Structure formats: C-alpha cells, structure tokens
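A.B. asks: Handing you this structure, nothing more for now.
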Amino acid sequence: MKNLHILHQKRVYFIGIGGISMSGLAKLAIARGAIVSGSDMSSSPVTEELEGMGAIIHVGHEASNITSDIDLVVYTLAISSDNPELLRARELGLPVMERAEMLGHISREYERVVAIAGTHGKTTTTAMLGLICVSAGLNPTIHLGGNSKALGGNTILGDNKYLIVEACEYKESFRFLSPDIGLVTNVELDHVDYYKNIREITEAFSRFVTRSHISICRQDDGIGGSSTILLGHDWKLGRVEFVYNGYNFVVYHKGKVYGEFRLNVLGLHNVDNALCAIACAYELGIAKDIIAQAISDFDGVDRRYECIHTFSTGCRLIIDYAHHPTELKRSIEGINGVYPRTLYIFQPHTYSRTLALFDDFVKVLSSVEHLILYATYPAREKELAGGTARDLAEALGERVIYCENKDDILEQISQNNMDFDCILVLGAGNLAEILKRNHF
C-alpha cells in the first residue's frame, strides 16, 4: 500500500488557486488531509466551492498572505517571478513547488496512473476515459483541465487505486509523471515560446512515452518504441457516419472488428479522441459493453462545442477552446456539417503562437466566409509585432471585422444573430467567459 499521508495536516498555499488545474490540485490536497489556503485575483464559483470544502481564500496576491507556518507554497507557470506572494515565500525560506511537480508527487500515491498527453484533445480524452472508468465501477480519482458535464467537474475524488490525469506538455510539465499507461493523442508544434521547433516538442513527448510502462501513440507521430501500442495500426477507425448530431463508428483492433460505437457530440476529432479512450480502457481490462455505453453517454467538456445561449431567432451561440490552426480547422469542419450559416469569432491566444503559425492561421481562417477577430489574449506574454489579431485581420483582408473591445463584440453578436444559425466563438482566451457572463 502506498503512503497516502504525505500531505496530512500540512499547510499548503496555492498561488492562483482559482485556475482550472490549480483548483483541482487543491481539491486533491484537501482530500489528502492538507490544510489548504490560497489566493486568486477575484472570487468565483470555483473559489467558493473550495471555501465550502474548507479552504481559506484570499482575493488578490499580497505578501502578507504568506506566513511562516505554511509548509508548502504551490504556484503555476502563469505566475510571474515578481509575484509578491512568491517573493515572500522565498524570502521566508518556505518550500516552493510548481504545480506540475506537486501533481507528480501526488500521482505516486496511486497504484495505477493513466496519463493522457497530446497537443490536441487531451482534456476531452481524459474526460471520456474518466467516465468509462466511473461506469466500470473502478472508483477512479480524475484530474483534468476542464469541467466535464457527465463527471460533474474537473476533479473527481476516488480511492487510491486509479488516477486518471491530464498531462500538460507546456515546458515539459509532464516530466514529473511516470504513468502505468501513457497516451499521446497527437503531436504538433505548439507552445512556441518554449519549444523552438517540431523536433524539440517531439523529443519531449518521446521522453514522456519512455517513462510510461505501457505507451499508446499515433503511428505517424514518430514517437514510441517497438512495444508501443499504435493508433492507426493496432487500433483503427473503420466506417464513420454522421447521424443525428453525432457519429456511429466502427473500431478495429489488430485487424479485426472490435465493436460499433455511438458518440453524441459534434466533431470528427472527437471520434479520434474516443478511439484513444477506447484503447486505454481496453488496457485497463474494461468490458466492451461498458466502454460503448460510456462513450454514448459522454456529453462533452465545458468550452468544447458548448452552447451557452440560444437567441429568440434560433441562432445558437457556441464556444470552443480551439486555438491552434489544426484545432480551428477541425472545429470549423465539425460545425459546417451541422450549421451551414455560421458566423465565426476567433480570439488568438498568445502573440508567439500567432506569429510562429501565422501562415497556417491565415490559411484556415480564409476558408470561412463570415469572420470576426477579437483582440489577442496575451496570457503571459508582451505584444510581439506581427503576432497580433490585428495583423491577422490585415492579412485576411477587408471582409474580416476586427474588434478591439468586448462592447464591440457584443454589439456584433446582437446585430448578427438573426442572420445565422450559429455563432461559433473560438479560442482559449477570456472572451468565452465574458460571453458567459453577459445576459443577451
């Protein structure tokens, strides 16, 4: 039996506790008996939920929040090096740990760890696999970077046997995980503020695979070894049919029909995600009928084709987390087959990604007839010339509308909803949350 008490009665402080991953980590710490506190720039339903679980929440980052009796301070890569709480913790000589490293420590308390990595689709795949494991009665602990509707949140607390966890590639955060099963959904160049080229990010994923006891990867991604289970070879998709806002599809395993499945969410890329989840579930020994029912019951993850409003005109306002050219292409294709008259709104995420993949963004966005671009979400970055949403708008020409502030976007939505079946808002920035808070 592994030690489950390394956090018991320890005082743990989370800087940025309201973030999707940090809040989940805080829940895991509370479940392990830690005395949790933390801060965020504003209160939210997430911080209120944590308060209900016993956490002490501070609004705003203040050095005075950090006291000498704290046993561990946890921060994320989004926290700047001059954050007053981080500086105070180091001044006091307190142990300081980045989020990914703490997740690695917690993961070692579980008997079996399944980690899902990849440039695209890891949150959805983790949620799918989590639902399969819950349906199979495995009582898993699940930690993912989004809120799953079917699971009821971003972190599900189970027993100490199974941990199903999303593994982030940014700055090779997943290096702290050594899973029993390591899945890589796909590999493409991203996070160009850290990885210089496709070779560097591929090598990072290869190291993740090497640390996994069982690895599952795509055949054409160039990672894995002779014993790697290959998607596209060992596991393949057969017939895929779009039926009633979802997909019926056939899965092959080692050249033979494994089964027929039904997925009730949009997007062919989600069929790919389902194949990944099915392959993982098979390795866990879960029966095919349980897998099939869970895949059919899966109803998505927040900000992945999430409908947040239906106008009186019948037009649906849908948000999607797509922020890489490949993700944009897949999201656009998935909606086109359902809503022929669609207005697309895209908020680029980070200047470095936009600049490095500029031509790819232009190519994808040129395929849509009605497009609005919203000011770039900078995240951790300072503006880079040639990498802004305005630069994209200029490259795409006069047919594109550029909006600098939220009032302009809200006005465009109000004026245009009567002319479209769907308004699809794309991006990983703050626009989706702005629209969620607006009362149309």
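A.B. asks: To the nearest 20 debye, what is the magnitude of the charge dipole of segment 242-303 about its Cα centre, counting +1 on the Cβ of each Lys and Arg and -1 on the Cβ of each Asp and Glu?
C.D. replies: Here segment 242-303 has a charge dipole of around 220 debye.
A.B. asks: For segment 320-440, count all C-alpha to C-alpha pairs, find those more than 23 Å apart, and express that count as a whole percent of the total.
C.D. replies: 23 percent
A.B. asks: While we're looking at this one, here's another question. With each run of n ≥ 4 DSSP H residues scored as -39500 (n - 2.57), what mean residue ellipticity at 222 nm is computed for the chain after dividing by its residue count and rounding to the nearest 500 deg cm²/dmol?
C.D. replies: -9500 deg cm²/dmol
A.B. asks: How big is segment 85-161 by Rg and Dmax over its Cα atoms, in Å?
C.D. replies: When restricted to Cα atoms, segment 85-161 yields Rg and Dmax of 15.3, 48 Å.
A.B. asks: Sticking with this one: Provide the packing ranking of 193-200, 280-287, i.e. peptides ordered by the mean count of other C-beta atoms within 10 Å per residue, highest first.
C.D. replies: My ranking of the peptides, most packed first, is 280-287, 193-200.
A.B. asks: Same structure, new question: What list of ³J(HN,Hα) values in whole Hz, one per residue of segment 117-127 in order, does the Karplus curve 6.51 cos²θ - 1.76 cosθ + 1.60 (θ = phi - 60°) give from phi, with Gly and Pro shown as x?
C.D. replies: With coefficients 6.51, -1.76 and 1.60, one gets 10, x, 5, 10, x, 5, 5, 5, 5, 4, 5 Hz.
A.B. asks: Right, another one. Please report, in whole Å³, the volume per residue of the convex hull around the C-alpha atoms of segment 96-217.
C.D. replies: Once divided by residue count, the hull of segment 96-217 is 102 Å³.
A.B. asks: Further, regarding this structure: Arrange the peptides 385-392, 14-21, 407-414 so that the one whose residues have, on average, the most other Cβ atoms within 10 Å appears first.
C.D. replies: The most tightly packed comes first, giving 14-21, 385-392, 407-414.
A.B. asks: Using the Cα centre of segment 180-229 as the reference point, and only Cβ charges (+1 on K/R, -1 on D/E), how large is the resulting charge dipole? Debye, rounded to the nearest 20.
C.D. replies: Result for segment 180-229 is approximately 160 debye, rounded to the nearest 20.
A.B. asks: Provide the convex hull volume over Cα atoms per residue for segment 136-205, in Å³.
C.D. replies: It is 114 Å³ per residue.
A.B. asks: Further, regarding this structure: Given the peptides 325-332, 89-96, arrange them by the average over their residues of other C-beta atoms within 10 Å, most packed first.
C.D. replies: So the order, starting with the most tightly packed, is 325-332, 89-96.
A.B. asks: Of LYS256, LYS236, LYS122, which is the most mobile in a GNM of the chain whose springs link Cα atoms less than 10 angstrom apart?
C.D. replies: For the chain, modelled as a Gaussian network with Cα springs under 10 Å, the answer is LYS256.
A.B. asks: Let me ask you something else. In the structure displayed, which of LYS256/LYS363; LYS122/LYS406; LYS122/LYS254; LYS363/LYS436 lie more than 27 Å apart, Cα to Cα?
C.D. replies: Where the Cα-Cα span goes over 27 Å, the pairs concerned are LYS256/LYS363; LYS122/LYS406; LYS363/LYS436.
A.B. asks: How many percent of the alpha carbon pairs in segment 24-74 exceed a separation of 19 Å?
C.D. replies: So the pairs more than 19 Å apart make up 23 percent of the total in segment 24-74.
A.B. asks: Sticking with this one: Taking the Cα centre of the chain as origin, work out the dipole magnitude from +1 charges on Lys and Arg Cβ and -1 charges on Asp and Glu Cβ, in debye rounded to 20.
C.D. replies: 1120 debye
A.B. asks: Translational D (Stokes-Einstein, µm²/s) of the chain at 25 °C and 0.890 mPa s when Rh comes from the Kirkwood sum over C-alpha pairs?
C.D. replies: This corresponds to a translational diffusion coefficient of 108 µm²/s.
A.B. asks: On to the next question. State the answer as a single residue: which of GLY146, THR210, CYS133 lies farthest towards the positive end of the charge dipole of segment 93-221, with beta carbon charges of +1 for Lys and Arg and -1 for Asp and Glu, about the Cα centre.
C.D. replies: Looking along the dipole axis, the top candidate is CYS133.
A.B. asks: How big is segment 141-282 by Rg and Dmax over its Cα atoms, in Å?
C.D. replies: Cα only, segment 141-282: 16.0, 43 Å (Rg, Dmax).
A.B. asks: When only Cα pairs under 8 Å and 6 or more residues apart are kept, what is the percent relative contact order across segment 160-278?
C.D. replies: 17 percent
A.B. asks: To continue, here is another question. Positive end of the dipole of the chain, charges at C-beta (+1 Lys, Arg; -1 Asp, Glu), about the Cα centre: which of ILE295, LEU424, THR310 has its Cα farthest in that direction?
C.D. replies: ILE295
A.B. asks: Considering only protein heavy atoms and a probe of 1.4 Å, how much of the accessible area of segment 341-389 is carbon and sulfur, as a whole percent?
C.D. replies: That share works out to 50 percent.
A.B. asks: Quick check on the chain: of the DSSP beta bridges with both residues there, what percent are antiparallel, nearest 5%?
C.D. replies: 30 percent
A.B. asks: GLU369 accessible area, nearest 10 Å², 1.4 Å probe?
C.D. replies: Taking all protein chains as shown, GLU369 has close to 140 Å².
A.B. asks: Let me ask another. Under a 1.4 angstrom probe, counting protein chains only, how are TYR321, TYR305 ranked by accessible area, largest first?
C.D. replies: Ranked list, largest accessible area first: TYR321, TYR305.
A.B. asks: Using 10 Å bins from zero, what percent of all Cα-Cα pairs in segment 29-131 falls into each bin?
C.D. replies: Answer for segment 29-131: a P(r) of 12, 37, 36, 15, 1 percent.
The values are calculated or read from the model by the stated rules, or taken from the named source; none is laboratory data. Note that this is a predicted model, so its numbers are computed, not measured. Heads up, the Cβs are rebuilt from the backbone with ideal geometry, glycines too, and the neighbour counts pull from every protein chain shown. Each accessible area value is taken on the protein alone, full model and side chains, heavy atoms only, with ligands, DNA and RNA left out. Shrake-Rupley method; radii C 1.70, N 1.55, O 1.52, S 1.80 Å.
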